[in-house]
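Notes for the one structure printed next.
The values are calculated or read from the model by the stated rules, or taken from the named source; none is laboratory data. Small disclaimer: the values here were computed from a predicted structure and weren't measured. When we count neighbours, we look across all protein chains shown, and the Cβ atoms used for this are built from the backbone with ideal geometry, even at glycine. Each accessible area value is taken on the protein alone, full model and side chains, heavy atoms only, with ligands, DNA and RNA left out. Shrake-Rupley method; radii C 1.70, N 1.55, O 1.52, S 1.80 Å.
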Amino acid sequence: MDIRIEGGRVLVGDRFEDTTVCAGDGVIDAVGGSSAAGRIDARGLMVLPGVVDIHGDAFERQLMPRPGVHFAMDIALFDTDRQVIANGITTVFHGVTWSWEPGLRGAGNARAILAAMEELQPLLGADTKFHLRHETFNLAAEPEIIDWIGARRIGVLAFNNHMPAMKDNAPVRPAKIAEMAQRSGISRDAFQELVLGIARRADEVPGSIARLSAAANANGVPLLSHDDISPEQRRWYRSMGCRLAEFPTTIETAQEAASAGDHIVLGAPNVVRGGSHIGWIDAKDMIARGLCSILASDYYYPAPLIAAFRLAADGVTTIEKAWALVSEIPAAAVDLTDRGVIAARRRADLILVEATGRRPHVVATIVAGRLVYLTEAARFYCGH
């Protein structure tokens, strides 16, 4: 059904306009158009491009809400989808870790999630994509990942390495080791032995990263590096064609990324909570310093929406610029140039937001021209 959104304040480019938006066949027909079979009364609301969330793993809580307690993949994905669209996320990349660990982040689970996402995609409200978080010491996975890349089964590939923290700091981080062992479904002693065995192949890791990067670059799959620890490491990943730095761990590393025009991804929950939950970089300060270009949900789907408005309310930036951090810029960074802005012939991924109360909330979500979420039924009506 064609939809006309009327009476709202529409974010067009870098400013808000009192205008209408018409959508048909999944795309925006016109800004300022007049005819459509279905209408949405957006009076008192802001009309924004949908959130493009390129890094989020909160769906794992639906798969395993407690250690050792599993739920069916379809239940988890449908429940996650409801959370996503209710928070204005129209494109979501589920961050799936494929590690050398067994259990939740093992090979079987990664394969099952990918297969379920591909099967259920037509039934989901949000455009749902696979963000493969590859643990770089998971050398055995390389051939299969290259096959997935060639078949364009994954949306983005991120390089993660949690081995140094576990191998070197295990004596001082017993709680973390115990948590990971429990998640893996094996004893702590067995987990420690697994870590030691995997670590012995450290010399093979750079070559594996280079081969995976080459495959991704050849097939147009964007690359991300996670938790870069130094400017040198960021430069090395950049030499592999990886231009997105997720959660750099030092100011100097972020400065290196920004100076070369790399995108810097930080967590929107950091903005909402007023700081990192583990004491790392403050996202609001980084944004103010020009050292963050993208905010992602990370582990909490309501965060991107709330964070953008928090940044504006706190005077860090304008709402127009803050919204680009969760929509236009992430879309462009992962080569989804058909969305992220409200303009003719772009995907009709739109959200209607009530922003006059204590916190913003989503009233309606439209994905590729489909109304997938609506909290106030009286705002929608058919006819001219």
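Out of curiosity, is MET163 touching an Asp or Glu at 6+ places or on another chain (Cβ under 7 Å), modelled with pLDDT under 95, more than 28 Å from ASP335 (Cα to Cα) and open to solvent by less than 40 Å² (accessible area, probe 1.4 Å)? No: the conditions fail for MET163.
The requirement of being modelled with pLDDT of 80 or more and either surrounded by 13 or more Cβ atoms within 10 Å (Cβ to Cβ) or of a type in the set (Asp, Glu) (or both) is fulfilled nowhere in the stretch 175-182; no residue meets it.
Taking the listed residues ARG339, ARG310, the one that is over 19 Å from ARG243 (Cβ atoms), outside any helix (DSSP H, G or I) and in contact (Cβ under 8 Å) with a residue 24 or more places away in the chain is ARG339, with no other qualifying. Taking the stretch 197-228, which residues are outside any helix (DSSP H, G or I), open to solvent by 60 Å² or more (accessible area, probe 1.4 Å) and touching a residue at least 60 places away in the same chain (Cβ under 8 Å)? ARG201 - this is the single residue of the stretch 197-228 that is outside any helix (DSSP H, G or I), open to solvent by 60 Å² or more (accessible area, probe 1.4 Å) and touching a residue at least 60 places away in the same chain (Cβ under 8 Å).
Any chance the stretch 288-303 includes a residue that's in a helix (DSSP H, G or I) and under 24 Å from ARG9 (Cα atoms)?
Checked against the condition, which is being in a helix (DSSP H, G or I) and under 24 Å from ARG9 (Cα atoms), the stretch 288-303 yields at least one hit.
Does any residue of the stretch 244-263 turn out to be under 23 Å from GLU135 (Cβ atoms), open to solvent by 50 Å² or more (accessible area, probe 1.4 Å) and in a helix (DSSP H, G or I)? Within the stretch 244-263, none of the residues are under 23 Å from GLU135 (Cβ atoms), open to solvent by 50 Å² or more (accessible area, probe 1.4 Å) and in a helix (DSSP H, G or I).
Looking for whichever is hydrophobic (A, V, I, L, M, F, W, C), closer than 25 Å to GLN233 by Cβ and touching a residue at least 60 places away in the same chain (Cβ under 8 Å) here; the options are ALA126, ALA86, ALA140, ALA158. Which one fits? The unique qualifying residue is ALA158. One residue stands out among those in the stretch 88-126 that are in contact with a Lys or Arg (Cβ under 9 Å, 6 or more places away or on another chain) and of a type in the set (Phe, Trp, Tyr): the one that is nearest to ILE186 (Cα to Cα), which is TRP98.
Does GLY26 qualify as being out of contact with any Gly (no Cβ under 6 Å at 6 or more places or on another chain) and not hydrophobic (A, V, I, L, M, F, W, C)? Judged against the criteria, GLY26 is not a match.
Restricting attention to the stretch 349-367, the residues that are within 21 Å of the chain's Cα centre (by Cα) and part of a strand (DSSP E or B) add up to 10. Exactly one residue out of PRO231, PRO269 is touching a His at 6+ places or on another chain (Cβ under 9 Å) and either without any contact (Cβ under 8 Å) to a residue 40 or more places away in the chain or surrounded by fewer than 17 Cβ atoms within 10 Å (Cβ to Cβ) (or both): that is PRO269.
Within the stretch 344-353, the set of residues being farther than 20 Å from GLN83 by Cβ and surrounded by 13 or more Cβ atoms within 10 Å (Cβ to Cβ) comprises ALA344, ARG346, ARG347, ALA348.
Listed here are the strands (runs of 3 or more DSSP E) enclosed by the stretch 9-78 that have at least 1 residues being farther than 23 Å from GLU376 by Cβ and open to solvent by 20 Å² or more (accessible area, probe 1.4 Å): 9-12, 15-18, 27-31.
A single member of ILE329, ILE306, ILE319, ILE281 is open to solvent by 20 Å² or more (accessible area, probe 1.4 Å) and in contact with a Cys (Cβ under 9 Å, 6 or more places away or on another chain), and it is ILE281. Candidates ALA313, ALA331, ALA283: the one that is among the small types (Gly, Ala, Ser) and within 14 Å of VAL92 (Cα to Cα) is ALA331.
Of all the criteria given as (1) hydroxyl-bearing (Ser, Thr, Tyr); (2) at pLDDT 95 or above; (3) under 27 Å from THR80 (Cα atoms), the one not satisfied by SER276 is (2). Which one is modelled with the highest pLDDT, of the residues in the stretch 88-116 that are open to solvent by 30 Å² or more (accessible area, probe 1.4 Å) and within 20 Å of TYR299 (Cβ to Cβ)? Across the stretch 88-116, the extreme among qualifying residues is ASN109.
Among the residues of the stretch 354-379, the ones that are crowded, with 23+ Cβ neighbours inside 10 Å and aliphatic (A, V, I, L, M) come to 4 in all. Considering every residue within the stretch 292-303, establish whether at least one is in contact (Cβ under 8 Å) with a residue 60 or more places away in the chain, open to solvent by 10 Å² or more (accessible area, probe 1.4 Å) and more than 22 Å from SER225 (Cβ to Cβ). The answer is yes; a qualifying residue exists.
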